[in-house]
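Enquirer: Got a structure here, written out as C-alpha cells. Questions coming.
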C-alpha cells in the first residue's frame, strides 16, 4: 500500500472490512498526538476532549513518558512473575506511598483490575468475614460501568452490555445509585462482602452523586463489616480535580481500583490497592497475570504519576473545570439544545434536548469535529468532555468558544 496516498477513508474502510464491528467511532482517523492536540491523516488539527476516556490525562506523547518507555524498552520489557524484576518493587513502593496503602497488585486493563477486586473481596468475605462458601454477595449499582468481561457484565443493567451474552454469574445485588436507604438495606445481608461503585458514573453520563453519598456509604460499610470497593479507573488521577474523586469526601476505599491514566495512555496498566489485612488473603498461585507488573509498565507508571504531581495537574483540573462549567451554564441559559451541565474537575457532560434514542448529540459531535474539537456521545443524549489535564486556561476558553458556536447552530 502506498502510504503517501493512504487517506482517512482508506483507514475507515480497512477497519470496516477486517475489524470486528464492536465500536461506532466518530468518522475521524487520528495519526498523531501531542499534548491536548491530535491530527488526522490529512493533517487537520483537533482539540482532544475525550483523552481516550480519561487515559491520556498527562497529554498525548508526554516527553517524560516517551523517555521512560524507550529507556526501559531498550533494557527489559517482560520477565513474567516467575521471577523478580528490578522495577516492580520500586513501582509498588511508589504507588503504595502515593495513595496511602500497604500493598499494590498490578494488572493491565481496568476490567482486569475490577475482576481482581471482585476476587479479592470474595476471598476476604470467606476467610475474614466468615461468609459460607460460594454465598458471597457484592452490591453494585444501576447504570454502572466497570468493564466488559462476562463476570463484570453480570452486574450491569445496560442492555447493550448484556443482551445475548448470558448466562450470567450469580453473586451480585443491584441497587439504585445515590440511594443510601437502599444501600443500608442491602448491607444488612450478612453474606455481603463488598459495595462496588464509581464515585462518579462516567459512562452513564457523568452522574455525580449528592454530597455525602460516599462518606455515608463508607460509614455503612464499616458498620456492617463490608469492603468499600471504589472504581476510580476513570475518576482517579486528577480527572475530577482531586487526586481521587473520593478525596472530595475524605473517603478511603478498602479496595481502590485504578487504570487508564496510571500510564498516561502510553501502555496498558491497572492496579488494585488495599491494606495487608485484605490483600494478603490472596496467596501464591491464586491470582496473576503474565504481563501484570512487567518492567515496562512499572517504568511508565512511575513517570505517569510523577508528572501528575510535578506539573500540578490535579490543581489545574480543578481550576479549569470551574471555568468550563461556568461557561457551559452560561451557554445553557441561551441555548435550547442544552438541558443540563454537570461534572467535577475536567470530567464534565452536557445533556441535550433529545431522547436517548435520538441523534442530536451525535450530530453536535460531528459538527464539533468540523470546528476542530473531538468529543463523543454516551447514552444517546449526553456529550462527555474529558480533555487532557495539561490544557491551559487560554485553550479552555478557545474550546468553550468552539462548543458555544457549535451548540448555538442547533439552538
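Enquirer: Can you pull out every residue in segment 203-217 that is part of a loop (DSSP other than H, G, I, E, B) and out of contact with any helix residue (DSSP H, G or I) (no Cβ under 8 Å at 6 or more places or on another chain)?
Expert: Hits for segment 203-217 are 203, 204, 205, 206, 208, 209, 210.
Enquirer: I'm trying to understand the selection: among the residues of segment 240-272, which are touching a helix residue (DSSP H, G or I) at 6+ places or on another chain (Cβ under 7 Å) and either in a helix (DSSP H, G or I) or assigned by TED's automatic domain parsing to the domain that holds residue 386 (or both)?
Expert: Those that are touching a helix residue (DSSP H, G or I) at 6+ places or on another chain (Cβ under 7 Å) and either in a helix (DSSP H, G or I) or assigned by TED's automatic domain parsing to the domain that holds residue 386 (or both): 246, 249, 260, 261, 262, 263.
Enquirer: Still on this structure, please answer the following. Suppose the filter is outside the structural domain of residue 345 (by TED's automatic domain parsing), at negative phi and either under 20 Å from the mean Cα position of the chain (by Cα) or assigned to a helix (DSSP H, G or I) (or both); does residue 69 pass it? Lay out the reasoning, then the answer.
Expert: Working: outside the structural domain of residue 345 (by TED's automatic domain parsing): yes; at negative phi: yes; either under 20 Å from the mean Cα position of the chain (by Cα) or assigned to a helix (DSSP H, G or I) (or both): yes.
Yes.
Enquirer: Please note which strands (runs of 3 or more DSSP E) are completely contained in segment 307-409 and include at least 1 residues that are out of contact with any strand residue (DSSP E or B) (no Cβ under 6 Å at 6 or more places or on another chain).
Expert: It comes to 338-344, 347-352, 376-378.
Enquirer: For segment 188-202, give me each residue that is closer than 11 Å to residue 349 by Cβ and out of contact with any helix residue (DSSP H, G or I) (no Cβ under 8 Å at 6 or more places or on another chain).
Expert: Here is the first cut: in segment 188-202, the residues closer than 11 Å to residue 349 by Cβ are 200-202.
Correct list: 201 only.
Enquirer: Would you be able to tell me the number of residues in segment 219-230 that are crowded, with 21+ Cβ neighbours inside 10 Å and out of contact with any helix residue (DSSP H, G or I) (no Cβ under 6 Å at 6 or more places or on another chain)?
Expert: Residues in segment 219-230 being crowded, with 21+ Cβ neighbours inside 10 Å and out of contact with any helix residue (DSSP H, G or I) (no Cβ under 6 Å at 6 or more places or on another chain): 1 in total.
Enquirer: Looking at (1) touching a helix residue (DSSP H, G or I) at 6+ places or on another chain (Cβ under 6 Å); (2) touching a residue at least 60 places away in the same chain (Cβ under 8 Å), can you tell me which one residue 314 breaks?
Expert: (1)
Enquirer: On to the next question. Among the residues of segment 119-134, is any under 24 Å from residue 268 (Cα atoms), at pLDDT 95 or above, crowded, with 22+ Cβ neighbours inside 10 Å and assigned by TED's automatic domain parsing to the domain that holds residue 264?
Expert: Within segment 119-134 (the criterion being under 24 Å from residue 268 (Cα atoms), at pLDDT 95 or above, crowded, with 22+ Cβ neighbours inside 10 Å and assigned by TED's automatic domain parsing to the domain that holds residue 264), the answer is yes, since at least one residue qualifies.
Enquirer: Further question: Residue 276 is checked against (1) surrounded by fewer than 19 Cβ atoms within 10 Å (Cβ to Cβ); (2) outside the structural domain of residue 265 (by TED's automatic domain parsing); (3) in contact with a strand residue (DSSP E or B) (Cβ under 7 Å, 6 or more places away or on another chain) and fails just one. What number does that condition carry?
Expert: Every condition holds for residue 276 apart from (2).
Enquirer: Given the structure, is residue 380 outside the structural domain of residue 237 (by TED's automatic domain parsing), over 22 Å from the mean Cα position of the chain (by Cα), on the phi > 0 side of the Ramachandran plot and touching a residue at least 24 places away in the same chain (Cβ under 8 Å)?
Expert: Judged against the criteria, residue 380 is not a match.
Enquirer: So residue 335 fits all but one of (1) under 18 Å from residue 202 (Cβ atoms); (2) touching a residue at least 60 places away in the same chain (Cβ under 8 Å); what number is the exception?
Expert: Residue 335 satisfies all of (1) under 18 Å from residue 202 (Cβ atoms); (2) touching a residue at least 60 places away in the same chain (Cβ under 8 Å) except (1).
Enquirer: Hey, any hits in segment 59-76 for a residue that's crowded, with 18+ Cβ neighbours inside 10 Å and touching a strand residue (DSSP E or B) at 6+ places or on another chain (Cβ under 6 Å)?
Expert: There is at least one residue in segment 59-76 that is crowded, with 18+ Cβ neighbours inside 10 Å and touching a strand residue (DSSP E or B) at 6+ places or on another chain (Cβ under 6 Å).
The values are calculated or read from the model by the stated rules, or taken from the named source; none is laboratory data. All figures in this text were calculated on a predicted structure; none of them were measured in a lab. So basically every Cβ, Gly included, is an ideal-geometry build from the backbone, and we count neighbours across all protein chains shown.
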